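Participant: The structure under discussion is supplied below as structure tokens; questions concerning it will follow.
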Amino acid sequence: MSTPDKVQQAPHETSQSAAAGEGESLRKRLNRIIFGWDTPAGKLFDLCLIWAISISVLVLMLESVEWIVREYEPWLRAAEWTFTLLFTAEYLTRIYCAERRWAYIKSFYGIVDLLSILPSYLAFFIPGANNLLIIRLLRVLRIFRILKLARYLSEANLLMRTMMLARRKIFVFFSSVLVLSVIFGSLMYMVEGPAHGFTSIPKSIYWTIVTITTVGYGDIVPQTILGQIISAAAMLTGYSIIAVPTGILTAELAQEMQRDRHRRYCPGCQRSGHEADAAHCKHCGEALPEAK
């Protein structure tokens, strides 16, 4: 290649690299604004997004009020499509500026972002898909991310692990309650009968469950003295068994919290199972806290 050709090509390469640099800097700036919260622009974006989500959820709730729909349907429809287009632009921008695009798309909040806009388009293009519009209420979940409430997911994971550890005991408990419900329901069906509203054993079992759980709708009421005695026994049984699952979960939770003190959790992905001398998470590479 001759020297003049090189001289002519150099400005072209410089302009390409400058354009690439501008595109990269724009993507990084958008990433700091949209995914970050430690800058004034990021805080302003989060504040505007909270207002947009809150107003859009309010519009969705108003759409379920018949007289409001009759009076203001064009305005509600215009507002909904305005928010849908706004959230669509935000979703596409998040994909554009995300450091790991597929990781964001497949993440929990990425799916929530998609589901918050997808039903509107499905209802527009597919007749009969209006029932899917209720899914748009998932938009309210996005506030968890904006307010950084995801930091409390570790506590939620602790409760989930506790329930999983106590699942056999809870299963035995609920099986016992079901057996008692069948017994009380069958007795009430024989004592009260269809004349007093106990038209079948399943309906009598329903009454027993309502009574044992101390809900007491009052749609079915025993009329005979023997039926009232059985009803009182069911109520006392209900009060006595309410504390059982609470005690089971409390005991398991205390044990799990004790074990939790000796585990090392990744602050990024909240996963455990790391070696005692590990410095970084084996799942996501995040730096691990010091072992206790």
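Participant: What number of residues within the range 49-68 satisfy the criterion of being out of contact with any helix residue (DSSP H, G or I) (no Cβ under 7 Å at 6 or more places or on another chain) and either surrounded by 12 or more Cβ atoms within 10 Å (Cβ to Cβ) or more than 30 Å from Ser25 (Cα to Cα) (or both)?
Facilitator: 8
Participant: Just need a number here: residues in the range 99-131 that are outside any helix (DSSP H, G or I) and surrounded by fewer than 13 Cβ atoms within 10 Å (Cβ to Cβ).
Facilitator: Summing the residues that are outside any helix (DSSP H, G or I) and surrounded by fewer than 13 Cβ atoms within 10 Å (Cβ to Cβ) in the range 99-131 gives 5.
Participant: Does the range 73-98 hold any residues that are part of a helix (DSSP H, G or I) and touching a residue at least 60 places away in the same chain (Cβ under 8 Å), and which are they?
Facilitator: Thr93, Arg94, Tyr96, Cys97
Participant: OK, next. From Thr214, Thr199, Thr246, Thr208, grab the single residue that is surrounded by 15 or more Cβ atoms within 10 Å (Cβ to Cβ) and without any contact (Cβ under 8 Å) to a residue 60 or more places away in the chain.
Facilitator: Thr208
Participant: Being of a type in the set (A, V, I, L, M, F, W, C), outside any loop (DSSP other than H, G, I, E, B) and closer than 18 Å to Ile143 by Cβ is the requirement here; does Val69 meet it?
Facilitator: It is false that Val69 is of a type in the set (A, V, I, L, M, F, W, C), outside any loop (DSSP other than H, G, I, E, B) and closer than 18 Å to Ile143 by Cβ.
Participant: Also: Note down all Cβ pairs under 7 Å where the first residue falls in the range 158-182 and is in the same structural domain as Glu252 (by TED's automatic domain parsing) and more than 12 Å from Leu253 (Cβ to Cβ), the second is of a type in the set (Ser, Thr, Tyr) and modelled with pLDDT of 90 or more, and they're at least six residues apart or on different chains.
Facilitator: Final answer for the pair search is Ser181/Thr208.
Participant: Ok, one more. Hey, among Ile134, Ile143, Ile170, which residue is β-branched (Val, Ile, Thr) and either surrounded by 16 or more Cβ atoms within 10 Å (Cβ to Cβ) or modelled with pLDDT of 75 or more (or both)?
Facilitator: Numbers: Ile134 fails: either surrounded by 16 or more Cβ atoms within 10 Å (Cβ to Cβ) or modelled with pLDDT of 75 or more (or both); Ile143 fails: either surrounded by 16 or more Cβ atoms within 10 Å (Cβ to Cβ) or modelled with pLDDT of 75 or more (or both).
Step by step, each of Ile134, Ile143, Ile170 is checked, and only Ile170 is β-branched (Val, Ile, Thr) and either surrounded by 16 or more Cβ atoms within 10 Å (Cβ to Cβ) or modelled with pLDDT of 75 or more (or both).
Participant: A further question on this structure: Could you list, in sequence order, all residues of the range 197-249 that are within 33 Å of the chain's Cα centre (by Cα), β-branched (Val, Ile, Thr) and part of a loop (DSSP other than H, G, I, E, B)?
Facilitator: Matches in the range 197-249: Thr213, Thr214, Val215.
The values are calculated or read from the model by the stated rules, or taken from the named source; none is laboratory data. Everything quoted here is computed from the prediction, not taken from an experiment. As a convention, Cβ positions derive from the backbone with ideal geometry for all residues, glycine included, and neighbour counts pool all protein chains shown.
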